[in-house]
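Worksheet for the structure shown next.
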Amino acid sequence: MEKKEVHDICRIQVKFSEIDSMRRVWHGTYVKYFEDGRESFGRHYPGCDYKKMQDTGIYAPIYDIQVKCLAPLEMNDVAVIHTYYVPKRGARLDYRYEVYRERDGVLCCKGSTTQLFIDRDGIQMYDCPDFYEEWKKKYAVK
C-alpha cells in the first residue's frame, strides 16, 4: 500500500476573548488553534485521538512547540487551520500547522508540535503503543 500525507482542515471563527489590546489575535491563541486542529484531525482520522488515548491510559503531552506569527487575524475573521501529521521514528506524535485567514487566503501562522507518549504513571514510553501502530497501518502513513 502506498504511503500518503495525512492532513485535516478545520475552521474557527476568531472570538473577542482571543484578541489582545491591538485588536489582533493574541500570539498565545495560536497554541489553542493548534490544539483545535489536532482534535479535528483525531475526529477525521480516528484511532489515535485523545479519546483513544484516555481509554488506553496512554497520553501524549506536548514536549515541544514552535509558533511563527506572520500576519494578523482579527475578531470575526475565520481561521482555516491545516494540520499535517509528520511521520517520525519513535513513540511520539509530530504535527505541523498552517493557519490561514479565510477572507483572503493569507498565511497568518505556522508551527509544529511534538508529543511524547507516556503511560498511566507518567513514564515516557520508548515503544509505540499498539493503537498507534494500528493507526499508522490503517491510514498508510510513513
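Quick one: what are the phi-derived ³J(HN,Hα) couplings along the stretch 99-115, Karplus 6.51/-1.76/1.60 with θ = phi - 60°, whole Hz, x for glycine and proline?
Per-residue couplings from phi come out as 10, 10, 8, 4, 5, 9, x, 6, 6, 9, 7, 9, x, 7, 9, 10, 10 Hz.
Using the count of nearby Cβ atoms within 10 Å as a rough guide to exposure, how do W135, W26 rank from fewest to most?
Sorted ascending by nearby Cβ count, the order is W26, W135.
According to a simple spin-label model (label point 7 Å from Cα along Cα-to-Cβ), what is the distance in nm between Y139 and E39?
1.7
Under the Karplus relation 6.51 cos²θ - 1.76 cosθ + 1.60, θ = phi - 60°, what is the ordered set of whole-Hz ³J(HN,Hα) values for the stretch 78-89, x standing for Gly and Pro?
The phi angles translate into 9, 8, 9, 9, 9, 10, 10, 6, 10, x, 9, 6 Hz.
Out of (1) 2, 8, 12, 13, 10, 9, 7, 7, 7, 8, 7, 5, 3, 2, 0, 0; (2) 2, 10, 19, 21, 17, 13, 10, 6, 2, 0, 0; (3) 2, 8, 13, 17, 18, 16, 12, 7, 4, 2, 1, 0, 0, which label holds the value of P(r) over Cα pairs in 5 Å bins from 0, in percent that was computed here?
Only one listed value fits the structure, namely (2).
For Y63, enumerate residues with amide H under 5 Å from its amide H, sequence gap 5+ or separate chain, H modeled in the peptide plane.
Hits under the 5 Å cutoff: T114, Q115, L116.
Cross-link candidates for K68: which lysines have Cα within less than 22 Å, leaving aside residues fewer than 8 places away along the same chain?
Leaving aside lysines fewer than 8 places away in the same chain, those within reach of K68 are K15, K32, K88, K110.
Readers should treat all values here as calculations from the given coordinates under stated rules, not as data from a laboratory. Since this is a predicted model, take the numbers as computed values, not measurements. So basically every Cβ, Gly included, is an ideal-geometry build from the backbone, and we count neighbours across all protein chains shown.
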